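Notes follow once the structure below has been shown.
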Amino acid sequence: MLRLMPSRASLRLQASSPNPFSFFRLGVREVPKCPFCGAELNHLVVHELVCTKHAYKVHSNGQWEWQYDDEKGREYTVFCPECYEEIPLHNCISDVEDFLDEEYIILRSDDPEIKRKGDLALFRGKVYKVIDESDDGLLYLELVEDETVADIIGAGLE
Amino acid sequence: MPKCPFCGKEIEYLHSWYQEVTRYRVSLDENGDLQWEQDFVSDSEALETDVCPHCERHIPIHDDTEEFLKERYVVLRPDDPEIEARKDNFVIFRGRVYKIDENESSPDLLILRLVEDELVADIIKTDVENSQMERCPNVLSAGGR
């Protein structure tokens, strides 16, 4: 049986150098926070795991060669650049942009910045719908895009 | 051409699986577009080597893979029908004499190493065939030799 994913520990590579995108913090764009360490994130670390198949051939004249044969899938894992915990996005690649845009966020249910009422939550002045809640206390929230609806709900949550 | 001890098919080459991890830092640019910056690529790491290209099972090759593909190192089931004769630590397989590597063989798989010295191989072959004849006189003639 092929082990397609290495252990998380083996993927804990060293955090990269200081972030060149820190100008986003100057109020231009709000950034999401890590549900584990609470760090403000203006970027994410994504590991792309590629498995490839190679063929080892020995010819009748005794010469041998390695040939690239096939590629079997890619797997992506998203990590917080600060604490290196895996951020459990539902759909790794397509959710990355929404996560960085704070349209889809993951928070601890006891996050002090959340005001929650049923399936709705207010976070940093924006209204979100709770789309999932995991057993380990994480809330998956999706931004309510309709401004009028958001305003009405938000007023009720304030 | 060697054969797979599991599916019995002839093997022209062996497969190996490798994995490689690429690390990206992903951010949004000032226009809100996603930017992928590759900042690390790991070395390729072998996940599984010596895999039969037909049945995808791992063949336990403890020696050089090249030796296996050249049939100087053979992995077989003990009941393989192409084993022509067996005596003590020696086996005749496809007309060539092999010595059973007892350290690496198991009840399910025989690990055989080719007896390279032709004179020694001929002596063993004659001895093995003679003892086979003594025990079962029809075996060799039934094998078409």
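The values are calculated or read from the model by the stated rules, or taken from the named source; none is laboratory data. Small disclaimer: the values here were computed from a predicted structure and weren't measured. Every residue, glycine as well, gets a Cβ built from its backbone with ideal geometry; the counts of neighbours run over all protein chains shown.
The table below gives the values:
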{"item": "The stretch B:60-79, subset touching a Phe, Trp or Tyr at 6+ places or on another chain (Cβ under 6 Å) and within 10 Å of chain A (Cβ to nearest Cβ), residue surrounded by the most Cβ atoms within 10 Å (Cβ to Cβ)", "result": "B:Thr65"}
{"item": "Per-region count, the stretch B:95-122, residues exposed (fewer than 12 other Cβ atoms within 10 Å of the Cβ) and under 13 Å from B:Asp80 (Cβ atoms)", "result": "1"}
{"item": "Tally, over the stretch A:70-85, of residues that are in contact with a Lys or Arg (Cβ under 7 Å, 6 or more places away or on another chain) and surrounded by fewer than 16 Cβ atoms within 10 Å (Cβ to Cβ)", "result": "2"}
{"item": "Residue in the stretch A:132-145 that is of a type in the set (S, T, N, Q) and in contact with a Gly (Cβ under 8 Å, 6 or more places away or on another chain) present", "result": "no"}
{"item": "Sole exception among (1) modelled with pLDDT of 55 or more; (2) facing another protein chain (nearest Cβ under 9 Å); (3) touching an Asp or Glu at 6+ places or on another chain (Cβ under 7 Å) for A:Glu30, by number", "result": "(2)"}
{"item": "Residue in the stretch A:41-52 that is more than 8 Å from every other protein chain (Cβ to nearest Cβ), in contact with a Phe, Trp or Tyr (Cβ under 9 Å, 6 or more places away or on another chain) and buried (at least 16 other Cβ atoms within 10 Å of the Cβ) present", "result": "yes"}
{"item": "Matching residues in the stretch B:13-59 - criterion: being without any contact (Cβ under 8 Å) to a residue 12 or more places away in the chain and either more than 7 Å from chain A (Cβ to nearest Cβ) or outside any strand (DSSP E or B) (or both)", "result": "B:Asp29, B:Glu30, B:Asn31, B:Gly32, B:Asp33, B:Gln35, B:His58"}
{"item": "Residue count for the stretch B:22-53, restricted to those that are of a type in the set (A, V, I, L, M), surrounded by 14 or more Cβ atoms within 10 Å (Cβ to Cβ) and under 29 Å from the mean Cα position of the chain (by Cα)", "result": "2"}
